[in-house]
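Comments concern the structure below.
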Amino acid sequence: MGITRRNFLKATGVFTAAATLGINLKPAKAKAEELKITKARETKTICPYCAVGCGMLVHSIPHTNKVINLEGDPDHVINRGALCAKGATLRQLAGSENRRRLTKPLYRAPGSSEWREVSWDWAIEQIARRVKETRDRTFITRKPNGNVVNRCEGIASLGSAALDNEECYLLVKMLRALGIVYLEHQARI
């Protein structure tokens with residue numbers, strides 16, 4: 001189908017009129033395009049970086065859980081849709097976005113210069129065994145003056161902003177049950 005002189009003059013006239021009158025065709029084009037989050041699953045969550053607790057909306061592709069969009073939740077009472085620079089980069093924590101992110105535990109033996117990949121079961125068992133050994137070795141039942149103290153001075157805990165209030169509460173309960181007295185929390189680590 002060739003372009004006739006008549007159709008060419010019509011098209012030229014329409015574009016000239018649109019340019020002269022300042023009609024912007026970009027909104028029409030944008031409306032015609034499909035949004036990348038149209039078929040995505042939306043999940044509400046809380047930013048893990050500091051103790052403020054800003055609300056976030058995470059859009060992911062169903063069945064793959066690949067994060068395709070992350071934004072502040074406009075209905076959240078704390079941030080009303082705004083995110084700080086740290087919160088806006090949360091998408092980098094997803095393994096699909098950051099290929100350098102570790103997803104398996106690594107172990108370096110004493111005196112070794114090489115890290116090796118180990119299983120989660122082995123790592124958790126080693127941590128539990130070493131916590132128990134350290135607690136048993138450094139547990140103090142009584143002070144020199146005879147007062148009962150029942151505490152462990154060989155282990156300390158430093159919390160961070162990745163923990164919310166409920167997780168901090170449970171962590172402190174567990175650590176106190178072990179007799180640990182050196183507890184600290186810094187939400188801006």
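Is it fair to say ARG108 is in contact with a Phe, Trp or Tyr (Cβ under 6 Å, 6 or more places away or on another chain) and loosely packed, with under 11 Cβ neighbours inside 10 Å? The answer is yes for ARG108. Among residues of segment 75-89 that are free of Cβ contacts under 8 Å to residues at least 24 places away in the same chain and surrounded by 13 or more Cβ atoms within 10 Å (Cβ to Cβ), those with a Cβ under 6 angstrom from a residue that is part of a loop (DSSP other than H, G, I, E, B) and of a type outside the set (D, E, K, R), sequence gap 6+ or separate chain, pair up as GLY81/PRO74.
Screening CYS54 against (1) at pLDDT 80 or above; (2) closer than 30 Å to GLU167 by Cβ; (3) out of contact with any Cys (no Cβ under 9 Å at 6 or more places or on another chain) leaves a single unmet condition, (3). When the criteria are applied in full, GLY72 fails the requirement of being at pLDDT below 85 and not aliphatic (A, V, I, L, M).
Considering segment 101-140, and only residues there that are of a type in the set (D, E, K, R) and part of a loop (DSSP other than H, G, I, E, B), the residue that is nearest to GLY154 (Cα to Cα) turns out to be ARG108. Restricting GLU166, GLU153 to those that are within 29 Å of the chain's Cα centre (by Cα), outside the structural domain of GLY55 (by TED's automatic domain parsing) and not hydrophobic (A, V, I, L, M, F, W, C) reduces the list to GLU166.
The values are calculated or read from the model by the stated rules, or taken from the named source; none is laboratory data. Everything numeric here is computed off the predicted structure, so don't read it as measured data. When we count neighbours, we look across all protein chains shown, and the Cβ atoms used for this are built from the backbone with ideal geometry, even at glycine.
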